[in-house]
Amino acid sequence: MFVTETFEMNSENFTLSEKIVSPSYIRQGCQARRGHEQLIRHLLEQGKCPEEGWSESTIELFLNELAVMDSNNFLGNCGVGEREGRVASNLVARRHYRLIHGIGRSGDIAAIQPKAAGSSLLNKLTNSVVLDILKLSGVRSVASCFVVPMATGMSLTLCFLTLRHRRPKARFIVWPRIDQKSCFKAMITAGFEPVVVENVLEGDELRTDLEAVERKIEELGAENILCVHSTTSCFAPRVPDRLEELATMCAKYDIPHIVNNAYGVQSSKCMHLIQQGARVGRIDAFVQSLDKNFMVPVGGAIIAGFDESFIQEISKMYPGRASASPSLDVLITLLTLGANGYKKLLSDRKEIYSYLAEELKSLASAHGERLLHTPHNPISLAMSLDGLQVKSEKAVTQLGSMLFTRQVSGARVIPLGKEQTISGHTFCGFMSHSDAYPCPYLNAASAVGISREDVALCIKRLDKCLKTLKKEGNAAKNGSPLPPFCQEDNTAE
């Protein structure tokens with residue numbers, strides 16, 4: 001309807017234009033415009049991510065057409081309310097493509113806004129396109145999802161608060177340990193008591209202790225447990241939780257199951273775990289970050305699940321309207337990439353994961369360390385730092401500082417025995433997902449968007465840092481003077 005009316009209007013204008021410019025040229029221009037409109041028509045008809053990406057001109061045409069459907073862009077509009085889409089800065093207006101009203105209404109983030117038909121259409125289309133991408137990425141039976149303008153932690157909190165209405169007597173959330181502050185604070189902020197279940201060491205990997213989880217359920221009583229809060233994507237040597245077994249356990253005890261899938265959309269293995277968990281047992285919702293999976297600015301997440309009514313219940317729990325920025329960002333990105341472009345990014349990421357593993361293994365061997373064996377983690381890798389620990393307790397943390405000053409971002413250096421208190425709970429060995437992991441280590445991840453050049457530069461700089469620390473350690477042992485750390489070559493290369 002939208003595109004048909006637009007085309008009819010344009011057809012009249014083109015006919016009039018033929019009186020001004022040669023009709024053959026105008027018809028050519030009309031055909032070009034029709035090509036853009038055909039792409040938009042397919043999007044509106046199918047609600048799926050296009051196979052091939054759109055040009056920027058098509059995307060901007062589409063967004064401008066949406067914007068003129070909002071009341072703040074009506075010609076002659078007279079607004080006398082307290083929220084009329086007024087924007088003081090033209091720069092801000094252009095940044096948002098003049099889509100100023102946001103999404104949802106005061107009672108429901110998914111509701112239609114009468115005076116913002118364009119923004120409402122943007123919201124509905126974004127959720128539909130994202131749902132298509134979740135299915136394409138491996139969770140084929142997902143029933144519903146919505147984009148929420150909050151990062152993963154607060155989105156998890158929204159899920160927990162929704163469950164409160166279903167389980168008013170529940171006080172506890174059973175949580176296999178993952179050393180990441182926001183997912184822990186998400187439970188505290190929602191008003192629940194996290195029950196931390198320590199992981200079990202299997203080889204180098206830290207895996208879900210299923211027997212301990214079931215003991216906690218029986219000890220606390222299923223009716224007192226709000227949910228099991230599990231994790232897929234994580235830093236090695238922690239690996240994704242045993243989702244199938246946990247989902248089966250949740251179905252057995254009739255306990256909800258919320259999955260933190262923060263950066264798992266980019267991993268077919270993580271998405272397969274969610275699909276299988278839902279098939280054999282119970283998964284009520286899974287939450288993923290927009291920026292980590294789709295390379296957009298921080299500030300948005302996707303809440304998805306297999307029961308459409310429950311996902312709608314979560315969306316209605318969000319108080320008030322919401323910013324459309326995360327929805328706009330991810331829609332523009334997916335229209336730019338197309339389904340094939342996004343699939344290529346996922347394929348490239350997986351290929352570079354193998355390359356990163358090979359390079360880290362080679363480097364580790366050259367320095368008397370080893371690449372930890374964590375085959376169940378499809379994104380993150382870990383390299384031991386036993387040699388540094390032996391030379392100096394400070395050398396491990398110093399390595400982290402050296403990498404950062406050399407513009408190696410994202411690498412995590414994990415020392416032994418660090419304690420951290422979060423909301424009254426003290427974690428021993430914090431950041432290692434274990435009270436006493438056997439060795440210090442360094443993390444590196446192959447996440448969506450990474451390049452072979454990133455890996456090559458990281459390995460080169462890491463090698464240089466390890467050699468420098470080795471020299472410093474030997475000099476300290478022999479009592480020989482060395483130039484101070486600040487005088488060492490500190491260039492990017």
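With N counted as the residues of segment 87-130, its alpha-carbon radius of gyration over 2.2 N^0.38 Å works out to 1.23.
What percent do you get for the relative contact order of the chain when only Cα pairs under 8 Å and 6+ apart count? With pairs under 8 Å counted, the relative contact order is 16 percent. Against the empirical 2.2 N^0.38 Å (N residues), segment 1-127 has a Cα radius of gyration ratio of 1.20. Of the solvent-accessible surface of segment 205-247, computed with a 1.4 Å probe and all protein chains present, 39% belongs to carbon and sulfur.
For segment 435-456 and segment 141-184, what is the centre-to-centre distance using only Cα atoms, to the nearest Å? With segment 435-456 and segment 141-184 each reduced to a Cα centre, they are spaced 27 Å.
Taking Lys464 as the anchor, which lysines have their alpha carbon closer than 24 Å to its alpha carbon, excluding any fewer than eight residues away along the same chain? Within reach: Lys361, Lys391, Lys394, Lys477.
Cross-link partners for Lys115 among the lysines, with Cα-Cα distance under 16 Å and sequence neighbours closer than 8 places in the same chain left out: Lys124.
Could you tell me the distance between the Cα centroids of segment 5-80 and segment 267-301, to the nearest Å? Here the answer is 35 Å between Cα centres. Reported value for the chain: 182 Å³ per residue, from the convex hull of its C-alpha atoms. Extension gain for the segment Asp108 to Val280, taken as residue separation times 0.36 nm less the Cα-Cα distance, is 58.7 nm to one decimal. At the residue level, Trp54 shows approximately 20 square angstrom of accessible surface with a 1.4 angstrom probe and all protein chains present.
Close amide-amide hydrogen proximity is noted between Gly300 and Leu290, Asp291, each under 5 Å apart and 5 or more residues distant or on a separate chain (H modeled in the peptide plane; Pro and chain starts excluded).
With a/c under 1.5 counting as rounded, go ahead and sort segment 311-463 into rounded, prolate or oblate using the C-alpha gyration tensor (a ≥ b ≥ c being the square roots of the eigenvalues; past the cut-off, prolate if a/b is larger than b/c, else oblate). Intermediate values should be presented prior to the final figure.
Values: a/c = 2.40, a/b = 1.39, b/c = 1.73.
Judged from the Cα gyration tensor, segment 311-463 comes out oblate (a/c at least 1.5, b/c at or above a/b).
For Ile26, the shell of other residues with beta-carbons less than 11 Å away shows a net charge of +2, using +1 for Lys and Arg and -1 for Asp and Glu.
Measuring r between the beta carbons of Lys467 and Ala436 and using R0 = 22 Å, the FRET efficiency lands at 0.15.
Taking the 0 to 90 degree range and rounding to the nearest ten, how far is the long axis of helix 152-166 tilted relative to the main principal axis of the chain, both from C-alpha atoms? The angle comes out near 80 degrees.
Residues Arg27, Arg412 ordered from highest to lowest accessible area at a 1.4 Å probe: Arg27, Arg412. Remark: for residue pairs Lys292/Lys316; Lys292/Lys470; Lys181/Lys269; Lys343/Lys467, the C-alpha separation exceeds 28 Å in Lys292/Lys470; Lys343/Lys467. For His257, the residues whose amide H sits under 5 Å from its own are Val228, Asp284, Ala285, ignoring neighbours fewer than 5 places away on the same chain, with H placed 1.01 Å from N. Put a dot 7 Å past the Cα of Thr421, heading toward its Cβ, do the same for Lys316, and the two dots end up 4.2 nm apart. Of all DSSP bridge pairs formed entirely within the chain, close to 65 percent run antiparallel.
Taking all protein chains together, Glu211, Glu472 sort by accessible area into Glu211, Glu472, largest first [probe 1.4 Å]. Multiplying the residue separation of Thr405 and Ser89 by 0.36 nm and subtracting their alpha-carbon distance yields 110.0 nm. A straight Cα-to-Cα reach below 16 Å connects Lys19 with none of the aspartates and glutamates, residues fewer than 8 places away in its own chain not being considered.
Within the assembled protein chains, the solvent-accessible surface assigned to Leu346 is about 30 Å², based on a 1.4 Å probe.
By its C-alpha gyration tensor, with a ≥ b ≥ c as the square roots of the eigenvalues, how is segment 236-322 shaped: rounded for a/c under 1.5, else prolate for a/b larger than b/c, else oblate? Oblate. Of all alpha-carbon pairs in segment 396-439, indicate the percentage at a distance above 11 angstrom. So the pairs more than 11 Å apart make up 66 percent of the total in segment 396-439.
Using a 1.4 Å probe and counting only protein heavy atoms, arrange Glu453, Glu214 so the residue with the most accessible area comes first. The partial results should precede the final answer.
On the way: Glu453 125, Glu214 50 Å².
Sorted descending by solvent-accessible area, the residues read Glu453, Glu214.
The ellipsoid that matches the Cα gyration tensor of segment 100-203 has semi-axes, each √(5λ) in whole angstrom, of 32, 19, 12, with the longest given first. Computed over the Cα atoms of segment 285-333, pair by distinct pair, the Kirkwood hydrodynamic radius stands at 11.8 angstrom. Applied to segment 373-380, the Karplus parametrisation 6.51 cos²θ - 1.76 cosθ + 1.60 on θ = phi - 60° returns per-residue 3J(HN,Hα) values of 8, 10, x, 7, 9, x, 10, 9 Hz, with x for Gly and Pro.
Counting only DSSP H runs of at least 4 residues, each contributing -39500 (n - 2.57), and dividing by the residue count of the chain, the helix-based mean residue ellipticity at 222 nm comes to -16000 deg cm²/dmol. Our coupling estimate for segment 64-70, obtained by passing each phi through the Karplus curve with A = 6.51, B = -1.76, C = 1.60 and θ = phi - 60°, is 5, 5, 5, 4, 6, 8, 8 Hz, Gly and Pro reported as x. In a fully extended conformation the segment linking Val390 and Ser182 would gain 71.6 nm over its present Cα-Cα distance, using 0.36 nm per residue. The per residue volume of the convex hull around the alpha-carbon atoms of segment 305-380 is 183 Å³.
Once the Cα atoms are used to define both axes, helix 23-46 deviates from the longest principal axis of the chain by about 50 degrees.
What does the net charge come to around Asn377 if you take all other residues with beta carbon closer than 11 Å to its beta carbon, with K and R at +1 and D and E at -1? Intermediate results must be reported in sequence, preceding the final value.
Numbers: positive: Arg207, Arg238, Lys269; negative: Asp204, Glu205.
Charge balance near Asn377 sits at +1.
Seen against the Cα atoms of the chain and their longest principal axis, helix 268-280 is set at about 80 degrees.
Evaluating 6.51 cos²θ - 1.76 cosθ + 1.60 at θ = phi - 60° for every residue in segment 175-184, the Karplus couplings come out as 9, x, 4, 9, 7, 9, 4, 5, 5, 6 Hz, glycine and proline recorded as x. Considering segment 133-277 at the alpha-carbon level, its Rg and Dmax are found to be 14.5, 41 Å. The residues neighbouring Val195, those whose beta-carbon lies less than 12 Å from its own, together hold a net charge of +1 under the Lys/Arg +1, Asp/Glu -1 convention.
Rolling a 1.4 Å probe over the protein heavy atoms of segment 333-391, with every protein chain left in place, gives an accessible area that is 53 percent carbon and sulfur. Annotation: Leu61 carries an accessible surface of approximately 30 Å², with a 1.4 Å probe and no ligand, DNA or RNA atoms counted.
The values are calculated or read from the model by the stated rules, or taken from the named source; none is laboratory data. The shown structure was predicted, so the numbers you read here are calculated from the model rather than taken from an experiment. Positions of Cβ are generated from backbone atoms using ideal geometry, with glycine treated the same way; all protein chains shown enter the neighbour counts. Protein only, heavy atoms only, side chains kept; ligands, DNA and RNA dropped before computing areas. Shrake-Rupley method; radii C 1.70, N 1.55, O 1.52, S 1.80 Å.
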